[in-house]
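Asks: Just dropping this structure here.
The values are calculated or read from the model by the stated rules, or taken from the named source; none is laboratory data. Remember, predicted model here, so these are calculated numbers, not experimental data. Don't worry about glycine lacking a Cβ; one is built from the backbone with ideal geometry, like all the others, and counts go over all protein chains shown.
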Amino acid sequence: MYILGIAVALITALVLKWIDKKESQNNLLIELPEYKTPNAHSIAIYVWEKVEDYLTRAGTVIFVASIIVWGLLNCGPSGLVDDMGQSFGAIIGKALVPVFAPIGLGYWQIIVALISGIAAKEVVVSSCGVLFGIGNLNSQAGMDDMVSLLAAVGFGSVNAYALMTFCLLYTPCTATLATIKRESGSWKWTGQAMVFQLIVAWLVSFIVYRLGLLIF
């Protein structure tokens, strides 16, 4: 996965360089300051500036994005729901099944888990456990139940590789999106970055899935 991520990053850089044919030279000259041992006052000011910048810029984006994701997964047409299968996220996931089917991820539960991963990709696996009704996913018995359940619906090792590939390359978490917005200062650029990464993730996952079917 690490090698795949690096390879995709390099290919993306080459493609973007080819698309943007403008040649520019940026000569950066910086006079390095005299090295001094920092004191507590300087450290406190520097840390506060960074924290304040994070809270006022990135923090607001993360907060809004987290509310949106929470609303999609916990609210449905009838209001608040206890079952994510009745949420707006599930409705969206079921509608997107035809889009994800060609890459081996045509299961609405997995699509909803990927939506929850926009908040933090670490929750994709745990969300899958909840959506598939596995309560003790962290235990060996829970993992065995999960493997058996996925196998029963036709989700095999090739699908798992496609899922890992898609998770690696698709839209980053809200903290990263907030950083992109802060650094670029543009919602348009942030949105383009999200769409671009989704397209790249789908294409690479498609290749991995189709090659996997041929090999296995």
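Results for (1) aromatic (Phe, Trp, Tyr); (2) more than 24 Å from Trp70 (Cβ to Cβ); (3) in contact with an Asp or Glu (Cβ under 6 Å, 6 or more places away or on another chain), shown as yes or no for each residue.
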site: Ile110; (1), (2), (3): no, no, no
site: Lys121; (1), (2), (3): no, no, no
site: Phe132; (1), (2), (3): yes, no, no
site: Ala141; (1), (2), (3): no, yes, no
site: Ala151; (1), (2), (3): no, yes, no
site: Ser186; (1), (2), (3): no, yes, no
site: Ala193; (1), (2), (3): no, no, no
site: Phe196; (1), (2), (3): yes, yes, no
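Asks: Given the criterion assigned to a helix (DSSP H, G or I) and at pLDDT 90 or above, identify the matching residue among Leu177, Leu198. Explain how you work it out, then say what you get.
Replies: On the way: Leu177 fails: at pLDDT 90 or above.
Among Leu177, Leu198, only Leu198 is assigned to a helix (DSSP H, G or I) and at pLDDT 90 or above.
Asks: Could you list, in sequence order, all residues of region 201-216 that are assigned to a helix (DSSP H, G or I) and surrounded by fewer than 16 Cβ atoms within 10 Å (Cβ to Cβ)?
Replies: Here is the first cut: in region 201-216, the ones assigned to a helix (DSSP H, G or I) are 201-215.
Across region 201-216, the qualifying residues are Leu203, Ile207, Arg210, Leu211, Leu213, Leu214, Ile215.
Asks: Six or more apart or on different chains, Cβ atoms under 6 Å: show the pairs whose first residue is in region 168-183 and closer than 18 Å to Trp70 by Cβ and whose second is at pLDDT below 80.
Replies: Here the result reads Cys173/Ala120; Thr174/Ile62; Thr174/Ala65; Thr174/Ala119; Ala175/Ile62; Ala178/Ala58; Ala178/Val61; Ala178/Ile62, each pair linking region 168-183 to a residue that is at pLDDT below 80.
Asks: Now for a different question. Looking only at helices (runs of 4 or more DSSP H) that fall completely inside region 36-107, which ones have 2 or more residues that are surrounded by 15 or more Cβ atoms within 10 Å (Cβ to Cβ) and of a type outside the set (A, V, I, L, M, F, W, C)? Break it down into steps so the answer makes sense when it comes.
Replies: Details: elements: 40-53, 59-74, 88-95, 97-100.
Once the helices (runs of 4 or more DSSP H) in region 36-107 are filtered for at least 2 residues that are surrounded by 15 or more Cβ atoms within 10 Å (Cβ to Cβ) and of a type outside the set (A, V, I, L, M, F, W, C), what remains is 59-74, 88-95.
Asks: Now for a separate question. So, of the residues in region 154-193 that are of a type in the set (Val, Ile, Thr) and within 18 Å of Leu114 (Cα to Cα), which turns out to be surrounded by the most Cβ atoms within 10 Å (Cβ to Cβ)? Step through it out loud before you land on a result.
Replies: At the first step, the residues of region 154-193 found to be of a type in the set (Val, Ile, Thr) are 158, 165, 171, 174, 176, 179-180, 190.
Narrowing the set further to residues that are within 18 Å of Leu114 (Cα to Cα) leaves 158, 165, 171, 174, 176.
Working: Val158: 18, Thr165: 26, Thr171: 19, Thr174: 20, Thr176: 15.
The selected residue is Thr165.
Asks: Can you give me the number of residues within region 108-134 that are over 20 Å from Ala151 (Cα atoms), without any contact (Cβ under 8 Å) to a residue 24 or more places away in the chain and part of a helix (DSSP H, G or I)? Lay out the reasoning, then the answer.
Replies: Looking only at region 108-134, we keep the residues that are over 20 Å from Ala151 (Cα atoms), and these are 115-123.
Keeping just the survivors that are without any contact (Cβ under 8 Å) to a residue 24 or more places away in the chain gives 122-123.
After this cut, where a residue has to be part of a helix (DSSP H, G or I) as well, the list is 123.
The total comes to 1.
Asks: Give region 67-94 a look and list any residue that's modelled with pLDDT under 80 and either farther than 17 Å from Val124 by Cα or in contact with a helix residue (DSSP H, G or I) (Cβ under 6 Å, 6 or more places away or on another chain) (or both), or say none.
Replies: Once the filter is applied, which keeps residues that are modelled with pLDDT under 80 and either farther than 17 Å from Val124 by Cα or in contact with a helix residue (DSSP H, G or I) (Cβ under 6 Å, 6 or more places away or on another chain) (or both), region 67-94 yields only Met84.
Asks: Select, from Val130, Val147, the only residue that is surrounded by 16 or more Cβ atoms within 10 Å (Cβ to Cβ) and more than 14 Å from the chain's Cα centre (by Cα).
Replies: Numbers: Val147 fails: surrounded by 16 or more Cβ atoms within 10 Å (Cβ to Cβ).
On inspection, the qualifying residue turns out to be Val130.
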